[in-house]
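The structure appears below as structure tokens.
Read the figures in this text as sums done on the coordinates, not as results from a lab. Worth saying up front: this structure is predicted, and the values here are computed from it rather than measured. Virtual Cβ from ideal backbone geometry, glycine too; neighbours counted across all protein chains shown.
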DNA sequence: TCTGGGGTCCTTCCGCGA
DNA sequence: TCTGTCGCGGAAGGACCC
Ligand SMILES: [Mg+2]
Ligand SMILES: [Mg+2]
């Protein structure tokens, strides 16, 4: 029995929202990201901008040179989230077997619904019409027997595309290696060194050989991908979770007071998100990027869970002291937490928990949050002072 | 060209205890 | 008791994706 998976992917999402919210931008090269002259890269751009050679991930400074008449807009994440939520609700209405995988993408499992809904392509057209009518946005849909192929299929005719894979091998052989989800620049280079330059060629290698060349997980992945079998690109239950926040300075910094201030702000953001999300974390991570772009992280696992932003801040400071010589200019600072655990979820060996207990925990978290917000100003000042002393 | 911010997963190394 | 090895958790780095 063969499944029918839809992958739905909005086209140039952020840029399209900007055009929709301001129709005078339609038909024009819209580039979403920092203003030119600032550090950073393009988050998204309209197809008109792509004709100038612009793509997401490109430094805005370069984008501005390629397209001086481009319209540069800041990232309005709140707005995109709002639209995304509404669209995802629409999609989830179609089938309960629905999995959102990013702000603008989702899988729908419509296996065995042909008698109810009609042929898959027709359902695809219906979805596209619906979203176009209600939101004025175009999207691309890929339909295939598994998530892996469906994802590739939605790319195939982008933008405003609709494609169903009926012959997986034929379909794959029309693509290039780089099109495969999970094969990036480095893997492409390594494969090229082994004289593997196409998906057909990749398919001719045994699983064992691929594993010996690319690692156990990598080899397995490539072996399955080349055959159109889902290597597991989006698991239903991710095994790791982390929360982090980082900032690239407008200009590299070596001033201790400014650096400490950033560290404190980042720590507060993280702790806020931990509390709101109901997470417990026992590992703190500090990330430092220097002027030459070398990046290091240093982490520490505690014997208890982090309980306050002050505590996280103190750990971050301690880690920075270990890493930083105090004079090399810093380009980016980041603070994060890993090993996240939601109290009361299966890990602790409880199959279920009564609702009152959950409710109490939420309440407790909110109270703690309020406490923290109250004491914020005072804490901030005091902590910054102690810090300056050792700088 | 001069390189964001938010993530997940994998590999390798190391020390520890069985 | 010595030695090899195995599994594990922690740490650091890296590839990749949106
Ligand atoms: Mg996408
Ligand atoms: Mg998209």
Cα-based shape type of segment A:21-77, given that a ≥ b ≥ c are square roots of the gyration tensor eigenvalues and the cut on a/c is 1.5: oblate
Three-way shape label, segment A:120-223, alpha-carbon gyration tensor, a/c 1.5: prolate
Highest average packing first - A:17-23, A:323-329, Cβ atoms within 10 Å: A:17-23, A:323-329
Tensor-based shape of segment A:1-136 (alpha-carbon gyration tensor, a/c under 1.5 rounded, otherwise prolate or oblate): prolate
Kirkwood-type radius of segment A:79-140, with distances r between different C-alpha atoms, in Å: 12.2 Å
Using alpha-carbon coordinates, inclination of helix A:376-389 to the longest axis of chain A, degrees: 70 degrees
Estimated translational D of segment A:170-226 in µm²/s (Stokes, Kirkwood radius over Cα pairs; 10 °C; 1.306 mPa s): 143 µm²/s
Candidates A:41, A:288, A:276: whichever shows maximal mean-square fluctuation once chain A is modelled as a Gaussian network with Cα springs under 10 Å: A:276
Relative contact order (percent, whole number), segment A:170-226, Cα cutoff 8 Å, 6+ residue spacing: 29 percent
Folded to 0 to 90 degrees: helix A:355-374 orientation relative to chain A principal axis, Cα: 50 degrees
Relative contact order (%) - segment A:74-196, alpha-carbon pairs under 8 angstrom, separation at least six: 13 percent
Where labels lie 7 Å past Cα in the beta-carbon direction, separation of residue A:130 and residue A:292 in nm: 5.5 nm
Isotropically averaged projected area of chain A, using the convex hull of Cα atoms (one quarter of hull area), nm²: 24.2 nm²
Peptides A:92-102, A:70-80 ordered by average Cβ neighbours within 10 Å, highest first: A:70-80, A:92-102
Backbone N within segment A:273-311 under 14 Å of label point (7 Å from residue A:242 Cα along the Cβ vector): A:282-289, A:295-301
Between segment A:46-108 and segment A:318-334, the alpha-carbon center distance in angstrom: 34 Å
Mean-position separation - Cα centroids, segment A:195-221 and segment A:257-302, in angstrom: 37 Å
Residue A:62-residue A:115 FRET efficiency (beta carbon distance; Förster radius 45 Å; 0.05 resolution): 0.30
Helix A:256-277 axis, angle to chain A major axis (alpha carbon atoms, nearest 10°): 60 degrees
Whole-number percent relative contact order across chain A, with pairs defined as alpha carbons under 8 Å at least 6 apart: 12 percent
